[in-house]
1. Checking the condition over 17 Å from residue 622 (Cβ atoms) and free of Cβ contacts under 8 Å to residues at least 24 places away in the same chain, which residue from 478, 490 passes?
2. Go through the stretch 358-381 and report how many residues are under 30 Å from residue 134 (Cβ atoms), part of a helix (DSSP H, G or I), open to solvent by 30 Å² or more (accessible area, probe 1.4 Å) and in contact (Cβ under 8 Å) with a residue 24 or more places away in the chain.
3. In the list 796, 786, which residue meets the criterion of being at pLDDT below 85, open to solvent by less than 50 Å² (accessible area, probe 1.4 Å), within 38 Å of the chain's Cα centre (by Cα) and of a type outside the set (Gly, Ala, Ser)?
4. Looking for whichever is open to solvent by less than 60 Å² (accessible area, probe 1.4 Å) and modelled with pLDDT under 80 here; the options are 294, 342, 354. Which one fits?
5. Looking only at residues that are in a helix (DSSP H, G or I) and basic (Lys, Arg) in the stretch 33-73, which one is surrounded by the most Cβ atoms within 10 Å (Cβ to Cβ)?
6. I'm trying to understand the selection: among the residues of the stretch 528-552, which are open to solvent by 10 Å² or more (accessible area, probe 1.4 Å) and part of a strand (DSSP E or B)?
7. Taking the residues in the stretch 558-587 that are open to solvent by 30 Å² or more (accessible area, probe 1.4 Å) and among the hydrophobic types (A, V, I, L, M, F, W, C) as candidates, determine which candidate is modelled with the highest pLDDT.
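The values are calculated or read from the model by the stated rules, or taken from the named source; none is laboratory data. Not measured: the values here are computed from a predicted model. Cβ coordinates were reconstructed from backbone atoms using ideal geometry, including for glycine residues, and neighbour counts include every protein chain displayed. Note: areas computed on protein heavy atoms with side chains; ligands, DNA, RNA excluded. Shrake-Rupley method; radii C 1.70, N 1.55, O 1.52, S 1.80 Å.
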Amino acid sequence: MSLLFTLRWAARDLRRRWVQVLAIALIIAIGTGVYAGLGSTAEWRRQSNDESFAMLHMYDLRVTTAEGVDAPAGQMAAVLAALPDPLIVAAAEERFIADTQVDASTADQSILVPGRLVGMDLSSGGPHVNAVYVAPGDGRSLTESDSGQPVMLVEQNFADFYGLSPERTLRVAGDQEVTSVGTALGPEYFMVMTEEGGFFAEANFAVLFTSLETAQQLAGRPGRVNDLVLELSPGVDPEAAAREIQKTFAESGAGLGVTVMQTQDEDAYRVLYDDIESDRQFWNLFAVLILAGAAFGAFNLASRMVEAQRREIGIGMALGWSRRRLAVRHLLVGAQIALVGAVFGVVMTFVVMAAVRPIFESMLPLPVWRTPWQLDMVVQGAAIGFLLPFLATAWPVWRAVRVMPIDAITTTHAAARSGLAPLLRRLRWPVSAFRRMPLGNVLRAPRRTVLTALGIGAAVSTLVVVLGALDSFTATMDRNEVEILGQHPDRVVATLDGFAIEGGPELAALAAADSVGAVEPVLQIGGTLSTPQHDDLEVVIEAIDLDSDVWVPTFVKGSLGEDRTGLVLAQKAADDLGVTVGDTVTLEHPARQGDGFAVAQTPMPVAAIHPSPFRFNAYIDRTQLATFGMAGAANAAYLLPDVGATPDDVEQELFRVPGVASVQPVAVSNQVVEDSLKDFTGIFQVLEVFILLLAILIAYNATSINADERARERATLFAFGMPLRRVLGLETAEGLLIGLLGTAVGVGVGLVLNSSVVASMWESTMPDMGTDVVVSAATMLTAVALGVIAVGVAPLLTTRRLRRMDIPGTLRVVE
């Protein structure tokens, strides 16, 4: 009977405060649901990535020739026969890859973007390494009979972005017409990335999969190849195999200047897997902040429930009840709250998973998506949801049962002498007792005020981190835009389909175009920078005229001497290599030797630093090209439109010029990342909804408890004739004060976390980009609106209760 009585008593306590109990259970559910729901996405992505790459036989090693260099078909594969153990290679297929322009315009919109031709070996049912996937309903796959035919598959991300039908007519560079027979996913383009640093760049970059012969014909390089993908035999170490293959090609005399890549060197592969861990840490941080808000809210509720029943506890002890038995009663209330919160948390987990699943599937359309129910995450979330309120209840219960019964029973209200309320006597403003009331209530119970403020602060800090990450990304892209646009935002980059010489017909054809006003030759080659103390760093070297009026990078440190020697590095690259102006780095690059290319290593001084956020952008003056054995060479050009012409005019005209692989306005690269941001922020928008709901619940919970605790105060005010609007005004003022305190705490914590989170998140996800840590004024205003307004307006939710208050009954005190 004793246990049954205790259970019924605890149930009565629960019913008396069912609104607050429900609110705190929902707060706990949001915290645990976000933790378990977002925590499940790591395993979803890992399983989906593994199965998708395995399904399409992602290469183990990839051998690429130097920029603009190709070989006769069969030559690259033949080099493998000279390996010390050729059996380490289980399968090898040659490809031809070339830049192009793609015109996919429809009747409703003009779509002219840079792209890439990927020529694959379709013989014997190929490709067998780096295959492509055509989903049901997205057209048909390529077959051996399509070899040499102008048919191809359009990369699915690009097609989906523009809503292109699988079967349609396209045009590629040289105004050549081709036919799309379907849309497909390739393992290198599960996440579309470009050299400009864009990710999710499907809006501005089109990949076309076709037969090897067709790609060769369209690029004007019949019978040539420049790419080799390999599948290694089971048990072979990829790193050791890469060294052997690199050495074998160097000794072959083919003069291809090859680079051997492992799977993890592929940007899309690396980012997809690295992003899992960084996202897991990112989501866990948000979950911890939200759980912190739930914990403060639970502690606040439990403390105030126990304090409100102080006299009941004292009477119980005076009647002979043991402290343990009285503590059990209140702990049972905590256990019931914990149970409700844990159950709601499981439900909320499925809500969160259902909200984020379509975002991930849309953002990363892998051929295989696995989204299993993660029992371990749900159990962890439920366990956390149960322990939080239970532990939050234990502390105030322990404090309450340790007081002397006479002290607990005493009805004399000492609140006026408690807390920091005496400070009001030293304040000369405000004079009116009613106007001093909100501030007095805040100071009278500092522990309660701090707990409420910390709950609000947890929600605000989460919002600051979420929006601050977006602000930082946007600020970084703005800095990049200022740098690349320079004095000529209409600048256009034209890429040639091979090497040309200054004064040659290829560059002359560009200059002869009616829409082109100025032509600046450029040589773009890949390279690797290294120092004895730091790992290698891949860069794109651009040889340009560093005195040009078309465009030159800004120097934030250093300058070129009269001999115009040295590298101009990005600040991010210099930091990662641990060098500054005047230091020397080793540049590994392709260099012409005879009729071919070989990999050479050249020590070069760092002449200057430029402010681009992308570390792979490096520049040299064209006068240094003799060092590479390529004096006067170019494979691209910077163009300025002629007077009255636009970048679009240049694109349209050069699209039909032979030898031009792609044309892209430099402003497009910034558009690439802006388009990326739209998809990337989808999950953040989901989080914002939960954060807003959390803040509202915490604010309502605090207001509801205040309404119960101060019922006699409000009844007294009504009894003296104070109107409802004035009482609500006092409560709103108190809420605003607590909201300001919570917002200040949340913004401070958010700023600190933003610096570390942004740095670590972008460093692991995009190590090539140096991100500015910025929190915008708009973010600060949003945080203030959430923290202050949400708490300030919460008292309005008690209007109905105040209108229906029984004033005499509320004022009555039964001793």
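1. On the way: 490 fails: free of Cβ contacts under 8 Å to residues at least 24 places away in the same chain.
The unique qualifying residue is 478.
2. As a first pass, look at the stretch 358-381 and keep what is under 30 Å from residue 134 (Cβ atoms): 358-373.
Next cut, part of a helix (DSSP H, G or I) only: 358-363.
Applying the additional criterion that residues be open to solvent by 30 Å² or more (accessible area, probe 1.4 Å) yields 358-359, 361-362.
Next, only the ones that are in contact (Cβ under 8 Å) with a residue 24 or more places away in the chain stay: 359, 362.
Residues meeting the conditions: 2.
3. Details: 796 fails: open to solvent by less than 50 Å² (accessible area, probe 1.4 Å).
The conditions single out 786.
4. Details: 342 fails: modelled with pLDDT under 80; 354 fails: modelled with pLDDT under 80.
Unique residue meeting the criteria: 294.
5. 45
6. Listed by number, the residues that qualify are 528, 530, 531, 534, 535, 536, 538, 540, 542.
7. Per the criteria, the residue is 581.
Yes/no matrix, rows are residues, columns are (1) at pLDDT 80 or above; (2) in contact with a Leu (Cβ under 6 Å, 6 or more places away or on another chain); (3) surrounded by fewer than 20 Cβ atoms within 10 Å (Cβ to Cβ); (4) aliphatic (A, V, I, L, M):
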{"residue": "686", "(1), (2), (3), (4)": "no, no, yes, yes"}
{"residue": "694", "(1), (2), (3), (4)": "no, no, no, yes"}
{"residue": "706", "(1), (2), (3), (4)": "no, no, no, no"}
{"residue": "719", "(1), (2), (3), (4)": "yes, no, yes, yes"}
{"residue": "722", "(1), (2), (3), (4)": "yes, no, yes, yes"}
{"residue": "728", "(1), (2), (3), (4)": "yes, no, yes, yes"}
{"residue": "748", "(1), (2), (3), (4)": "yes, no, yes, no"}
